[in-house]
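Here is the structure we will look at, set down as structure tokens.
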Amino acid sequence: MDWLSRQSFLGSNSSELLGSARVGVVGLGGGGSHVCQQLGHVGIGEVVIVDPDRISSTNLNRLIGGTRLDVLLRRKKTSIAKRQIRRVNATARVISFSGEWQACFDILKACDIIVGCLDQVRAKDELDAFCRRYLIPFIDIGMDVHEIPSGHLIAGQVALSFVGGPCLRCLGIVTETAVATEARNYGAAGGNPQVVWPNGVLASTAVGLIIQMLNPWQPTPVETALLQYDGNIGTVSESHRLANWSGRCQHYPADQRGDPGFRIRERHGVNR
Ligand SMILES: [Zn+2]
């Protein structure tokens with residue numbers, strides 16, 4: 001029996017559609033490892049996974065698929081994600097790059113969708129710019145734990161950035177203040193608080209968007225999205241920032257699309 005038969009409601013050719021898709025996942029921590037696991041389960045044919053790091057003991061509270069033995073062996077996060085995908089879908093093609101995503105442009109350029117699971121605002125901004133230039137839908141997920149008078153607030157968001165819709169700057173996820181604050185605090189001791197279940201909600205929400213974009217099984221197309229998660233009460237809802245968007249992104253002009261290194265006239269020996 002077809003191992004994907006229980007999701008055949010997605011459409012008679014959904015296995016082929018999802019099996020022919022290439023999805024990139026940049027950042028394989030708490031969020032990215034969850035996304036990879038689900039991409040394996042839904043039958044995505046090609047997954048490009050990118051992360052420069054190796055697992056450490058403090059990742060075990062949230063890195064899906066990571067084990068104590070992996071920590072002892074200091075396995076690469078790409079190795080763990082690849083193993084997790086292939087355990088479910090043995091025929092999935094997994095292209096892994098254990099380094100900074102800026103060093104594997106050519107692999108990422110061929111993705112149908114890219115999911116960014118990055119902690120740093122500056123990195124989110126750069127990946128958004130890359131995806132905009134190459135007309136690739138970009139889904140950013142992120143979570144934070146904030147101190148509030150009554151304790152802590154777990155918050156997160158899933159945002160879709162694509163040509164014609166708002167970018168991460170339009171949506172207020174990337175701001176100059178946040179970039180400057182991050183730069184000022186660079187190297188500050190300790191990592192941000194992170195737990196497994198909010199990342200699971202955010203990753204699941206992101207994968208839901210991916211499936212609807214690759215294989216539109218509902219009549220309403222996905223063109224924009226900014227879904228915010230309130231981890232203290234357990235809700236995911238559309239952010240008012242999306243409704244308040246002006247309708248025009250001024251951060252990525254139309255003439256800044258395509259490969260900046262490609263000059264058709266130079267290829268033919270024409271100077272102007
Ligand atoms: Zn914008």
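A short reminder: the numbers here are calculations on the coordinates, not readings from a lab. Here the structure is a predicted model, which is why all the values come from computation and not from measurement. In this analysis, Cβ positions are derived from the backbone assuming ideal geometry, glycine residues included, and neighbour counts consider all displayed protein chains.
Tell me what the chain gives for mean residue ellipticity at 222 nm when only DSSP H runs of n ≥ 4 count, each as -39,500 (n - 2.57), the sum divided by the residue total, rounded to 500 deg cm²/dmol.
Values: 10 runs with 91 residues, N = 272.
After summing the helix terms and dividing by the residues of the chain, the value is -9500 deg cm²/dmol.
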| remark: 1/(1 + (r/R0)^6) with r = Cβ-Cβ of residue 197 and residue 86, R0 = 25 Å, i.e. FRET efficiency to nearest 0.05, evaluates to 0.50
| Of 234, 29, 45, which is the most mobile in a GNM of the chain whose springs link Cα atoms less than 10 angstrom apart? | 234
| Given charges of +1 on the Cβ of Lys and Arg and -1 on the Cβ of Asp and Glu, with all other atoms neutral, how large is the dipole of the stretch 81-127 about its Cα centre, in debye to the nearest 20? | 400 debye
| Residues whose placed amide H lies under 5 Å from that of residue 96, excluding near-sequence neighbours | 49
| Computed over the chain: relative contact order in percent, which uses C-alpha pairs under 8 Å that are six or more apart | 19 percent
| message | I need to check one value: relative contact order of the stretch 112-267, counting alpha carbon pairs closer than 8 Å and at least 6 residues apart, in percent. | response | 28 percent
| Roughly how many whole Å is it from the C-alpha centroid of the stretch 135-178 to that of the stretch 196-244? | 12 Å
| said: Quick check: pseudo-label points 7 Å beyond the Cα along Cα→Cβ at residue 255 and residue 20, how many nm apart are they? | reply: 3.7 nm
| query | Under DSSP H, which helices of the chain have Cα atoms covering 20 Å or more of the helix axis and a Kyte-Doolittle average no less than -1.0? | reply | 196-214
| message | Take residue 150 and residue 41, extend 7 Å from each Cα along the Cα→Cβ direction, and tell me the distance between the two endpoints in nm. | response | 3.1 nm
| request: Using packing as a proxy for protection, rank 18-26, 73-81, 95-103 so that the peptide with the highest average count of other Cβ atoms within 10 Å comes first. | output: 18-26, 73-81, 95-103
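Can you tell me how much longer the chain between residue 246 and residue 110 gets when fully stretched, taken as 0.36 nm per residue apart minus their C-alpha distance, in nm with one decimal?
Working: separation 136, 0.36 × 136 = 48.96 nm, distance 3.05 nm.
Value of the extension gain: 45.9 nm.
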